[in-house]
Amino acid sequence: MKKQLLCFSMFANIVTHAQVQSPDWATTQNTNFPQTAAGIRYLDAVDANVVWATGYDGLSSGSSYNWFTTSSDGGNTFTSGNVFADTNTYIISSIEGINASTAFVTAYTKATGNKGVVYKTSNSGGTWANVAAVNMFTNTASFADFTCFTSPLIGITLGDPVSGEYEIHRTTDGGLTWSQVSGANIPNPLNASEYGLTGVYTKNGNHIWFGSNNGRVYHSSDAGLTWTVGTITGATVGVSRLAFRDNLNGLCIAFSGTTASPVTGLYKTTDGGSTWTNIGVSSTFGQNDICAIPGTSTYASCGAGTGNNIISYSTDDGATWVDWGSTNIQYLNVDFVDNITGWAGTFSDQATASVGGIYKYSGTATSLIPFAYKHEFNVFPNPSNGLVSFVLPAAKSGCLIEVIDILGKVVYSERMVTTNVGDKKQINLSFLSKGLYSINIKNGNESSVSKVIID
């Protein structure tokens, strides 16, 4: 179908491989989807407690499900259910969480692959109701791509161009009423075949961005009232994912080549999406999804598929990506709400329904992750009762040793005046509570880090 993301891994790998979780993503949570190998298609983390997601059958190519799942306690428990009365009328194209009670789902008609609806829940998914206005997504050329809110009351819903104009509707009362944005406020499609893509959007404050299949990025700085557009040179096959760390600096996954043989590219903007530069794709970059981590200059990426089962981060606007460390885990999407809280969607257990399906970030506060982060030195014993030893990985004259808890707080620090390569160091952390800690060794712009568990 025209809307399927080119990089999106649709099916679970049914071949058994040993999976190794990243120590930074050590918390497995259960989506409670009702079927084995259910994958998370769209993920929206609202705050440290609330996360919403939609699911699909990861083993069948002929089924498109309308499951949702949500948690209001940080992912400790998820409640799942159906948005629609059956699985054959609509296919979900996005989910937008507002709070623990309220979320919006956009969907298009399954049989014909066009038109669409916007459904809202106000009781944590207990019931859903269509809140689309009578004039929304009713033309045969219509296609409902996504719904995005910049505040609990103000939001837009995007549809494909009809009669040469993108169909954008806007609400200022939480979806009770909608008004169509004038075509005069929206740059025209590049050609008759340009359209938006399901779930390909991002936001920051009143700023909204969405991508098209022709490699263009639309941008509004006033919560959807007026729009501009920028072109990603060479990305003629389309935009896949967008992420902005502020109103000017962003990253985009987009494709060149052909639809039959797409070539993945990672692009960077420093002017809000007006112009883009191809910065290349490294082996440690996850090609399935990217997100900006709020409050930091860090981005996260994740991948699924042959050679790209990875989750990683970048602190230099995508120039380099550091593997968080995992093996044979298919990461479908990733989203953070702050520098210590994030989730990554995957597939639930292939043999047992309701088991797994999502990982929660459990590592160091991302704003404190050093650029040169590497597991360069071993800590022993690990786990430890508090007496921790390690060998310094390099000469670190004047180095600073810091121990950081999972909330990002420095709980121990020591400045070493002179050291030599291979020096053994022991520190006493027996005063700390049981849990996971990071030990950082810093000297100027250089840094090394390792993990230790105090038990």
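Failed condition for ALA304, given (1) modelled with pLDDT of 95 or more; (2) buried (at least 19 other Cβ atoms within 10 Å of the Cβ); (3) over 21 Å from SER151 (Cβ atoms), with all others met?
(1)
If you check ALA53, ALA103, ALA38, which single one turns out to be modelled with pLDDT under 95, touching an Asp or Glu at 6+ places or on another chain (Cβ under 8 Å) and not basic (Lys, Arg)?
So the residue among ALA53, ALA103, ALA38 that is modelled with pLDDT under 95, touching an Asp or Glu at 6+ places or on another chain (Cβ under 8 Å) and not basic (Lys, Arg) is ALA38.
Could you please find all residues in region 406-448 being at pLDDT 80 or above, assigned to a loop (DSSP other than H, G, I, E, B) and not aliphatic (A, V, I, L, M)?
SER430, PHE431, SER433, LYS434
Among the residues of region 161-189, which ones are within 22 Å of VAL237 (Cβ to Cβ) and either touching a residue at least 40 places away in the same chain (Cβ under 8 Å) or outside the structural domain of ILE253 (by TED's automatic domain parsing) (or both)?
TYR166, PRO187
Identify, please: which residue in region 40-96 is of a type in the set (A, V, I, L, M) and touching a Ser or Thr at 6+ places or on another chain (Cβ under 6 Å) and is, among those, farthest from GLY159 (Cα to Cα)?
Checked region 40-96; the qualifying residue farthest from GLY159 (Cα to Cα) is ALA48.
From LYS110, LYS115, which residue is surrounded by 18 or more Cβ atoms within 10 Å (Cβ to Cβ) and of a type in the set (D, E, K, R)?
On inspection, the qualifying residue turns out to be LYS115.
Given the structure, is SER151 under 21 Å from ARG245 (Cβ atoms), surrounded by fewer than 23 Cβ atoms within 10 Å (Cβ to Cβ) and of a type in the set (Gly, Ala, Ser)? Let's see the steps before the verdict.
Details: under 21 Å from ARG245 (Cβ atoms): yes; surrounded by fewer than 23 Cβ atoms within 10 Å (Cβ to Cβ): yes; of a type in the set (Gly, Ala, Ser): yes.
Criteria met by SER151.
Applying the selection to region 137-177, what residues are more than 28 Å from the chain's Cα centre (by Cα) and either at pLDDT below 95 or not acidic (Asp, Glu) (or both)? Talk me through it step by step, then tell me what you get.
Taking region 137-177 and keeping what is more than 28 Å from the chain's Cα centre (by Cα), we get 138-141, 162-165, 176-177.
Listed by number, the residues that qualify are THR138, ASN139, THR140, ALA141, VAL162, SER163, GLY164, LEU176, THR177.
I need a count of the residues in region 265-274 that are in contact with a Ser or Thr (Cβ under 8 Å, 6 or more places away or on another chain) and outside any loop (DSSP other than H, G, I, E, B).
4
Of the numbered conditions (1) under 23 Å from VAL20 (Cβ atoms); (2) surrounded by fewer than 24 Cβ atoms within 10 Å (Cβ to Cβ); (3) among the small types (Gly, Ala, Ser); (4) at pLDDT 95 or above, SER312 satisfies every one except a single condition; which is it?
Exception for SER312: condition (2).
Taking only pairs six or more apart or across chains, which ones have beta-carbon atoms under 9 Å, a first residue in region 295-309 that is within 21 Å of ASN339 (Cα to Cα) and in a loop (DSSP other than H, G, I, E, B), and a second residue that is modelled with pLDDT of 90 or more and among the β-branched types (Val, Ile, Thr)?
So the pair list comes out as THR296/THR315; SER297/THR315; THR298/THR315.
Scan region 315-337 for residues that are in a strand (DSSP E or B), of a type in the set (A, V, I, L, M, F, W, C) and crowded, with 24+ Cβ neighbours inside 10 Å and jot them down. Spell out how you get there, then give the answer.
First pass over region 315-337, keeping only residues in a strand (DSSP E or B): 322-323, 327, 333-336.
Next, only the ones that are of a type in the set (A, V, I, L, M, F, W, C) stay: 322, 334, 336.
Across region 315-337, the qualifying residue is only VAL334.
What are the residue pairs meeting all of these: first residue in region 100-119, first residue more than 17 Å from SER142 (Cβ to Cβ), second residue among the polar types (S, T, N, Q) and surrounded by 24 or more Cβ atoms within 10 Å (Cβ to Cβ), Cβ atoms under 6 Å, and 6 or more apart or on different chains?
Filtered contacts from region 100-119: PHE104/THR147.
What is the residue count in region 223-251 for residues that are of a type in the set (A, V, I, L, M), closer than 18 Å to GLY280 by Cβ and at pLDDT below 95?
Qualifying residue count for the region: 2.
Checking GLY125 against (1) surrounded by fewer than 23 Cβ atoms within 10 Å (Cβ to Cβ); (2) at negative phi, which test does it fail?
(2)
The values are calculated or read from the model by the stated rules, or taken from the named source; none is laboratory data. It should be emphasised that the depicted structure is a prediction, and the values quoted were computed from it without experimental measurement. Neighbour counts are summed over all protein chains in view; Cβ atoms, including those assigned to glycine, are modelled from backbone coordinates with ideal geometry.
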